[in-house]
Every structure is written in C-alpha cells, then in structure tokens.
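The structure appears below as structure tokens.
Bear in mind these aren't lab numbers, they're just calculated from the coordinates by the rules spelled out. This structure is a prediction, so every number in the text was calculated from the model and none was measured. Neighbour counts run over all protein chains shown; Cβ positions are idealised from the backbone, glycine included.
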Amino acid sequence: MKLLYKVENFVAIVFFLFGIAISLYSVFSRYVLGQSQSWTTEIYTMMLVWAIFVGFATALRDDKHVSIEILYDRMGPKMKKVSDIVTLIIGTAFSSFLVWTGMNMVMTAYEQGIKTIDVGIPIWINYLIMPIAGILLFIHFVAKIYYSFKGITPETGYEEES
C-alpha cells in the first residue's frame, strides 16, 4: 500500500503541475505574445481532471473529504462504528459503479473512434480516468474496511490505543 500511496501522490502532483504549467503558457502566449493556442485548453483540462480524479483517492486515503459531522459527533461509539461501516459499504458500491460505468464509457468511445477537436487525442483516453479512479477508490474503501475490523491505522499498521 505504501507504494500505491507514493504512486498516487506522484501522479496527482505531476498531472496538476503540468496542467498548471500549460495553463500559464496559454495565458502567456495569448496576452503577451498575442497568439492563442487552442490546443492548450484540451490538454490542461485533461491534466487537471486526471489530477482531481486521482486526488479523490488520495483524499479518501488521508481522510480529507469534506464531511458533515453535526450528527456524527453526537453519536455514541457503537453508532459511530455502524455509521462508518455503512459509509464504507456505500463508498465501495459507488466506486464499483464508477468502474463499471467508466469502462462502458471507455469502450463506447473506443468503438466510436471519437477524438478531441484540437489535438486529436482519442477521447477514450480522457475517459479512462473514471475506471482508474474507481479502482483506486475501491482499493481505499476496502482497505478502510479492513483497517476498521482489524482495529489498526493505515499509517502505522499498529493497533489503535483505546
């Protein structure tokens, strides 16, 4: 799992930085050089979307998703545990749905041979992030379920203090 964490972080950072760099190049070429580069919009949009989708998995892994805890904070320890398990099961189902529908989108776009307008990248490559993100989310949801039942934290692998 540590290798997966490093790969996720690296991929998200690289896509994000390349997306930002291409966006800055686009602004520079348009306003300083007076030349609009139409291809940049497609590329930086793709880069940022990929960074965000990989970021979903890293946010789940690090418990950084936005949550509403007004009821959760008022629950007892047993209800919190039940709530956590239900949330993890729903998340696992959602990630499976994301893989399934994402693969359908990828296969449909591949069969149709659709390409992006300016660069000509096959659109199925853009859609490929959906099943990849779904798989990453699924892995992290299952890991959280495992850690929850084992009573360990993913960072240390040691049993939590009671």
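The figures follow:
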item: Single condition Trp124 does not satisfy, out of (1) part of a helix (DSSP H, G or I); (2) out of contact with any helix residue (DSSP H, G or I) (no Cβ under 6 Å at 6 or more places or on another chain); result: (2)
item: Residue in region 67-75 that is over 15 Å from the mean Cα position of the chain (by Cα) and closer than 16 Å to Val119 by Cα present; result: no
item: Pair list, Cβ under 8 Å, 6 or more apart: region 1-30 residue of a type in the set (A, V, I, L, M), other residue outside any helix (DSSP H, G or I); result: Met1/Pro154
item: Region 70-84, residues that are surrounded by 10 or more Cβ atoms within 10 Å (Cβ to Cβ) and in a helix (DSSP H, G or I); result: Tyr72, Met79, Lys80, Lys81, Val82, Ser83, Asp84
item: Extreme residue, surrounded by the fewest Cβ atoms within 10 Å (Cβ to Cβ), among residues of region 17-56 that are farther than 16 Å from Ile132 by Cβ and touching a Gly at 6+ places or on another chain (Cβ under 9 Å); result: Thr45
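This table checks each residue for (1) polar (S, T, N, Q); (2) farther than 27 Å from Trp39 by Cα; (3) surrounded by 13 or more Cβ atoms within 10 Å (Cβ to Cβ).
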{"position": "Leu88", "(1), (2), (3)": "no, yes, yes"}
{"position": "Gly91", "(1), (2), (3)": "no, yes, yes"}
{"position": "Ser95", "(1), (2), (3)": "yes, yes, yes"}
{"position": "Leu98", "(1), (2), (3)": "no, yes, yes"}
{"position": "Gln112", "(1), (2), (3)": "yes, no, no"}
